[in-house]
1. Provide the gained length on full extension for the span residue 303 to residue 25, in nm with one decimal, where the gain is 0.36 nm per separating residue minus the Cα-Cα distance.
2. Under 14 Å from the Cβ of residue 85, count the other residues' Cβ atoms, weight Lys and Arg +1, Asp and Glu -1, and hand me the total.
3. Using 0.36 nm per residue of separation minus the Cα-Cα distance, give me the extension gain between residue 82 and residue 155 in nm, one decimal.
4. Any chance you could look up the accessible area of residue 275 with a 1.4 Å probe, heavy atoms only, rounded to 10 Å²?
5. Can you send over the solvent-accessible area of residue 24, 1.4 Å probe, protein chains only, in Å² to the nearest 10?
6. Short version: ³J(HN,Hα) in whole Hz for each residue of the range 243-259, in order, from phi by Karplus 6.51 cos²θ - 1.76 cosθ + 1.60 (θ = phi - 60°), x for Gly and Pro, what are they?
7. Considering only protein heavy atoms, with the full assembly of protein chains and a 1.4 angstrom probe, order 104, 3, 244, 220 by accessible area, largest first.
8. Karplus couplings for the range 71-81 from phi (6.51 cos²θ - 1.76 cosθ + 1.60, θ = phi - 60°), rounded to Hz, Gly and Pro as x?
Amino acid sequence: MREFVGVKSPLDLLIEVISTRLPVENVFKREAMMFGRIACPQLDKMVAAFEALGSSAHPLSAQLHSIATGFFSHVDYLRKHNIVFDDVSSADGPAVDFLKSDSEFASLMTVENRIAPWALEAIQNAGLDDFLDQSNITIDEDTLNKVDRVGAIFFPLVVVLQLITRKVAVQLRVLNGSDACPVFSEIVPPIPLQVPEKTVDVVNLTIDALPTPDSTVSWEQIIEFRSDPDSQNKFLELRNWMSEVGRGDLTPNEINLRLEVLINRYRAHMNLHRMKTHTGKLQTVIAAATNLLRGNLLDATSALFSYKNQRVGLLEAELTAPGREVAYIVAARERFRAGSQGSIK
C-alpha cells in the first residue's frame, strides 16, 4: 500500500496557531491521526526565521518568537518519530520534464501562469519585490521584518502558497509514489482553482461526528496509536466510504448505516488506546457521479454528516478518478467538555 501523506502549508499552520491559540504541543496532532506522514514545505525556514527575530522592535516579533521557541523542540521531536518532514526540494533535471508530462501538474502550471502576474503586482505594490525568490516563496528574517506590509498581500500569498501545496502533493505522488493530498485548515479553506473548461459537479462532504483526540492526549499515545497497523486500516475504511459515496454506489440507508458503523469502530479503536476524545469534523471534496446528484445524499443526510453540491474547476486527474479525495479540511470543534467522553478508567 502506498504511503498516505498529507501536505500542509506553513502559512495555514501559522494562522491556526495565532488565531486559535493552538498550543504548540498540539500542532499536527489531528493530521497525525490520519496520515502516515505530514509534509510541510519550508516549515524549518519559517521556524528559524521566527527565532531570528529575537527581540526585534516589530510589534508581532515577541509573539512569533514565543511560538518559535517551542516549535524548534516540537518539530524536532516529530521529525525523529518520522511524523513530519519539510525537506521537499523542488524537482530538477529530468524529474522536471517527467513532472511536466503529468496532466495534473501541467494543469497546476497553467493556473500558476494565470495568477502569477496578479500576485506579483500585489507584491510590488506593497513594496515587497524581494519577497519572491525565483517564483518560490522564501520565508526569512528580512521577510518577517516587513510583516506589517504582508497584510496587503495576504490573499495573493494564501493563493500562491496553496498552489505550492498542491504542486508538492502532485510531486510526491508522481516522483515518490506516495498517496499524497493537500490538507487545509478550516480557518483558511482551499481557494478553488479556476479551470473553467473543466467545471464539474462535486459534493463537499463533511463528517460531523469524527472522533478527535482531546487536547490532553499525549504524543506518546498518538505514536502508540499510529504504530498499531489496525489504526490506519480504520481510517482507510472511512476513506473508502467517501469514495463509495462519490461513485453513488450506496443507497441512502447504506450511506448512513455504514458511516455509523465505521465511526463507532474508529472510536472504539481510539478507546483501546486510552484516548480521550471529543467530536470533530473532517471535510473533503469529491467528484460526484450522476446518480449521486439525483438524491442519494439528500435522503441520507443525518447528524453524522452533511454535504452541499458545488460546481468547481477540477484538474484532469481529479476528473478521471471519481471518488478520489481532492483536498481535506480538518477541524477539531469541541461539542463536549474535554474528557467528557471516550475515556477509559
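The values are calculated or read from the model by the stated rules, or taken from the named source; none is laboratory data. Note that this is a predicted model, so its numbers are computed, not measured. No Cβ is skipped: glycine too gets one built from the backbone with ideal geometry, and neighbour counts run over all protein chains shown. These accessible areas exclude ligands, DNA and RNA; they are computed on the full protein's heavy atoms, side chains included. Shrake-Rupley method; radii C 1.70, N 1.55, O 1.52, S 1.80 Å.
1. 97.0 nm
2. Numbers: positive: 8, 37, 45, 79, 80; negative: 3, 31, 44, 76, 86, 87.
Net local charge, residue 85 excluded: -1.
3. Numbers: separation 73, 0.36 × 73 = 26.28 nm, distance 3.22 nm.
Between residue 82 and residue 155, full extension yields 23.1 nm more.
4. The accessible area comes out at roughly 0 Å².
5. 30 Å²
6. 5, 5, 5, x, 7, x, 7, 10, 6, x, 5, 5, 4, 5, 5, 5, 5
7. Reading off the accessible areas and sorting them downward yields 220, 3, 244, 104.
8. 5, 4, 5, 5, 5, 4, 4, 5, 5, 4, 9
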